[in-house]
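Shown next, in structure tokens, is the structure this report addresses.
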Amino acid sequence: MPEARQHDKSLQIYAVAEPLFERYGFRKTTVEEICRAAGVSKRTFYELFRDKADLLTQMLVHMASEAALGWRDALDPDQPAVEKILSYLDGYEAFGRQHPAFSKCMHEFEDNNCNVEFENHPSVQAMRDAMAGVLAEGVASGELRPLDPATLVWIIDSLLDSMYYMFPQMTGRPSAFEDPVLSSELRAFIIHGIRNPDHDPVRRTR
């Protein structure tokens, strides 16, 4: 299948798979239902994806990387690093609210191979590189603590993933999507952890 047609077919399948995953969850949504809703054959599906888990992984890569790189391209170069990071946190939460299917599926999804593929995907690395660039600017200007930007990206994203997606499963309590206090405290914790206290105060922390 030509690359352009592969891309178009993948987008067609993403468009119908997301609401199915949101409504029924990962386990109960079948490949047959996805193909029927997308108007494609199972042969076409398996030309594009190994299985349902690969579809979910590739869909998340596509949507999350588009959102993160859109954030990068919209940045004001004159904006302080902390403001850029806060806009990243805003975007992370907004993405999760706009795509609740991923939150629902994450509690059912257990595929270490797909998780590794997601973490090592070039588009995901481009997302991390964009965030690391902002952090490096902040370290260089003295606005942020002299910490390693690449390591900070992993720490920040791990905190966000834990409190927005894994927290309910681990504790039975609402996630940062449902609990505004938890969301606010998480943001403050991240900002106060990375900013240089000897630098001028940030303009907002929540």
Notebook entry, point to check: What are the residues whose amide H is under 5 Å from the amide H of residue 144, where those residues sit 5 or more places off or on another chain and H is modelled from the backbone?
Noted result: 139, 196
Note to self: From the phi angles alone, apply the Karplus equation (6.51, -1.76, 1.60; θ = phi - 60°) to the range 32-42 and give each ³J(HN,Hα) in whole Hz, x where the residue is Gly or Pro.
What the structure shows: 4, 5, 5, 5, 4, 5, 7, x, 10, 7, 5
Next item on the list: Over the range 52-122, with every protein chain in place, what whole percent of the accessible area is carbon and sulfur at 1.4 Å, could you tell me?
Entry: 50
Next item on the list: From zero up to wherever the largest Cα-Cα distance of the range 1-58 sits, split into 10 Å bins and tell me the percent of pairs in each.
Entry: 25, 62, 13, 1
Checklist line | Solvent-accessible area per residue, Å², over the range 30-84 with all protein chains present [probe radius 1.4 Å] | finding: 48
Next item on the list: Enter the angle in degrees (range 0 to 90, nearest 10) between the Cα long axis of helix 180-194 and the first principal axis of the Cα atoms of the chain, meaning the one along which they spread out most.
Entry: 60
Notebook entry, point to check: More than 24 Å apart: what percent of Cα pairs in the range 98-206 qualify?
Noted result: 36
Next item on the list: Go through the range 163-170 residue by residue and turn each phi into a ³J(HN,Hα) via Karplus (6.51, -1.76, 1.60, θ = phi - 60°); whole Hz please, and just put x for glycine and proline.
Entry: 7, 8, 10, 9, 4, x, 5, 7
Next item on the list: Could you work out the Rg to Rh ratio of the chain, with Rh taken as the Kirkwood radius (inverse of the mean 1/r over all Cα pairs)?
Entry: 1.01
Check: How much length, in nm to one decimal, is gained on full extension between residue 10 and residue 22, taken as 0.36 nm per residue of separation minus their Cα-Cα distance?
Finding: 2.5 nm
Notebook entry, point to check: Along the range 89-99, what does the Karplus equation 6.51 cos²θ - 1.76 cosθ + 1.60 (θ = phi - 60°) give for ³J(HN,Hα), rounded to whole Hz, x for Gly and Pro?
Noted result: 5, 4, x, 4, 5, 4, 4, x, 6, 6, 10
Item checked: Per-residue [θ]222 nm for the chain (sum of -39500 (n - 2.57) over DSSP H runs n ≥ 4, rounded to 500) -> -23500 deg cm²/dmol
Checklist line | Accessible solvent surface per residue of the range 109-185, calculated while the other protein chains remain in place, 1.4 angstrom probe, Å² | finding: 54
Next item on the list: Compute the separation of the alpha-carbon centres of the range 35-68 and the range 79-118 and state it in Å as a whole number.
Entry: 18
Next item on the list: Output the Kirkwood hydrodynamic radius of the range 29-80, Cα pairs only, in Å rounded to one decimal.
Entry: 13.1
Next item on the list: List the aspartates and glutamates whose Cα lies under 18 Å from the Cα of residue 28, skipping any in the same chain that are fewer than 8 positions away.
Entry: 18, 51, 54, 108, 110, 111
Next item on the list: With the full set of protein chains in place, find how many percent of the accessible area of the range 162-201 is carbon and sulfur; take the probe as 1.4 Å.
Entry: 58
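The values are calculated or read from the model by the stated rules, or taken from the named source; none is laboratory data. Since the model is a prediction, treat every value here as computed from it, not as a measurement. Surface areas here come from the heavy atoms of the whole protein model, side chains and all, with no ligands, DNA or RNA. Shrake-Rupley method; radii C 1.70, N 1.55, O 1.52, S 1.80 Å.
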